[in-house]
């Protein structure tokens, strides 16, 4: 499944962590695994997601939590986010400000 969405949308990722590789969100495993692979500190990474478990995963990893407000319960998740965006393109503003 983790490789299906990029293929559908014509996206390319340098790395993907799937559910079969370790504990699933909200566990920090995936974020920490990727940070180690790319030799960065979790605090230098952004976790962008539209659901509570994405944000809790970011918090558990000590990464920056970014809520993409496209889920019908998004307003309930805002308190767990460092940043809130309406459009994925807005992520560039966050990156530029850091």
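The values are calculated or read from the model by the stated rules, or taken from the named source; none is laboratory data. Note that this is a predicted model, so its numbers are computed, not measured. For neighbour counting, all protein chains shown are included, and Cβ atoms are generated from backbone atoms with ideal geometry for every residue, glycine included.
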Subject >> Unmet requirement for residue 6, which otherwise passes all of (1) modelled with pLDDT of 95 or more; (2) in a helix (DSSP H, G or I); (3) surrounded by 11 or more Cβ atoms within 10 Å (Cβ to Cβ) >> reply: (1)
Original post:
Among (1) assigned to a helix (DSSP H, G or I); (2) without any contact (Cβ under 8 Å) to a residue 40 or more places away in the chain; (3) touching a strand residue (DSSP E or B) at 6+ places or on another chain (Cβ under 9 Å); (4) surrounded by 13 or more Cβ atoms within 10 Å (Cβ to Cβ), which single condition is residue 91 missing?
Top reply: (2)
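Residues in region 40-51: is at least one over 10 Å from the mean Cα position of the chain (by Cα), farther than 19 Å from residue 18 by Cα and touching a residue at least 24 places away in the same chain (Cβ under 8 Å)?
No, the conditions are met nowhere in region 40-51.
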**OP:** Give the residues of region 11-21 that are in a loop (DSSP other than H, G, I, E, B) and either in contact with a strand residue (DSSP E or B) (Cβ under 9 Å, 6 or more places away or on another chain) or farther than 19 Å from residue 52 by Cα (or both), sorted by residue number.
**Re:** 11, 12, 13, 14, 15, 16
